[in-house]
1. Which of ILE42, ILE250, ILE62 moves most in a GNM of the chain, Cα contacts under 10 Å?
2. Let me know the shape class of segment 242-296, please: from the alpha-carbon gyration tensor, a ≥ b ≥ c as square roots of the eigenvalues, rounded when a/c is under 1.5, otherwise prolate if a/b is greater than b/c, or oblate.
3. With θ set to phi - 60°, apply the Karplus curve 6.51 cos²θ - 1.76 cosθ + 1.60 along segment 356-369 and write out the HN-Hα couplings as whole Hz, x wherever there is a Gly or Pro.
4. Work out the length of the dipole vector of the chain about its Cα centre, built from +1 on the beta-carbon of each Lys and Arg and -1 on the beta-carbon of each Asp and Glu, and round it to the nearest 20 debye.
5. If you average 1/r over all unlike Cα pairs in segment 75-295 and invert the result, what Kirkwood radius do you get in angstrom?
6. Starting from the amide H of ALA99, placed 1.01 Å from N in the peptide plane, find each other amide H under 5 Å away whose residue is 5 or more places distant or on another chain.
7. Sort the following peptides by mean Cβ neighbour count (other Cβ atoms within 10 Å, averaged over residues), highest first: 321-330, 231-240.
8. Enter the per residue convex hull volume of the chain, computed from alpha-carbon coordinates, in Å³ rounded to the nearest integer.
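Laboratory data are not the source of any read-out in this text; all were calculated from the coordinates shown. Since the model is a prediction, treat every value here as computed from it, not as a measurement. With ideal geometry, Cβ positions are generated from the backbone for all residues, glycine too; neighbour counts draw on all protein chains shown.
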Amino acid sequence: MEFSQFSVNTLMEITSRPDLVFVRGQGSWLEDHAGKRYLDFIQGWAVNALGHSAPEMQRAIIEQSSQLMNPSPAFYNVPSLQLAKRLTQASIFDRVFFANSGAEANEGAIKLARKWGRVHRNGAYKIITMNHSFHGRTLATMSASGKAGWDTMFAPQVDGFPKATLNDLESVRALIDAQTVAIMLEPVQGEGGVLPATQEFMQGLRALADEHGLLLIVDEVQTGMGRTGTMFAYQQFGVEPDIMTLGKGIGGGVPLAALMARESASVFSHGEQGGTYNGNPLCTAVGVAVFDVLAGDGFMASVNQRAQQLSEGLQMLADKYGLPGERGMGLLRALCLDGDYGPALVEAARVQEPNGLLLNAPRPNLLRFMPALNVSEADTQTMLEQLDALIQQVRD
Ligand SMILES: *Cc1c(COP(=O)(O)O)cnc(C)c1O
């Protein structure tokens, strides 16, 4: 198949895409229209927790699609109850609302916090979020996000998202007023450049929230579901948030997300939250299959082994080339570069022959790595060796 045979201009032009069409995926590898293979260290932007077309997911899709796909969220269905039970048992949260995307889950978290403010805090509605944060692409979640330029892109913004600085507790304290109802953040800023919150900051936020009667909301759309080496990232910070959102890895590649809350924060009344596809059995059955792999014996230990291999390999490259270093948690990691050649590296990695390598540069001077959680030791080694050669090639 030739690329020119596809009429790509029938799609809205929302980003610049390379001249290739993917037709097949298996584990950590993708194949394009021309049969070229690519080692995938993006995995749908940290979505495909088990890699491409995981057999467990295929089985769940086939079995569930022959049973029941969509009875409507107005009725209970078995897989959504099974997944809700697993998620609540694995966390400190008591209740789940399933959604179809991370943005929709965060939109739900914002609504839940505002409702809680109406019930418990005299109508307080402001949610303090962080500069450089990313919470999604709906109007409210774009307003909650701290991405440069997003405050004016679709003006006017949704009101009520004052911005503080990650890991600067005083910057949060300074924004609190009578209208503040919550503090919301990513435990590791993903799109912002793989910037982890410090333990001290997270614990400080919890104390600040308790002092002022605020909710603490963690957006774990990217960090949740084993990505950082524990089922949820908050578990590594010694804090108990009130609300958590999940997305990306929870469906392993099918559209699934979740809004979770402790009983005290589960204040929706009938009619205030919903959605045609929420908790549909097809996607939640896949969620159950993905969850059971992540929760299986030794799985998280192997995630941490791969994370250590990746971290050490990236640090060796940083030492070899005098780069600023590497950082991250679990299998969400970044290599900091000594110049704005990230996009050039991404391009060179993709076009190399015979096999391409898919990398991501969320900032020009930074590469982000988010492989499948079951990526093999050999594929990780291959990526590190290719990256070594690419850095040499691109920096010269
Ligand atoms: C990807 C992401 C979102 C948005 O999720 P979508 O499914 O794209 O709507 C929200 N928050 C964080 C932290 C993310 O990484």
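1. Among ILE42, ILE250, ILE62, the largest GNM mean-square fluctuation belongs to ILE62.
2. Oblate is the answer for segment 242-296, as a/c is 1.5 or above yet b/c matches or exceeds a/b.
3. After applying 6.51 cos²θ - 1.76 cosθ + 1.60, I find x, 9, 9, 10, 9, 10, x, 10, x, 10, 7, 9, 10, 10 Hz.
4. Numbers: 30 positive and 41 negative charges, 175 e Å.
Dipole about the Cα centre, nearest 20: 840 debye.
5. 17.2
6. For ALA99, the qualifying residues are ALA257, ALA258, LEU259, GLY279.
7. 231-240, 321-330
8. Working: hull volume 60.3 nm³, N = 396.
Roughly 152 Å³ of hull volume per residue.
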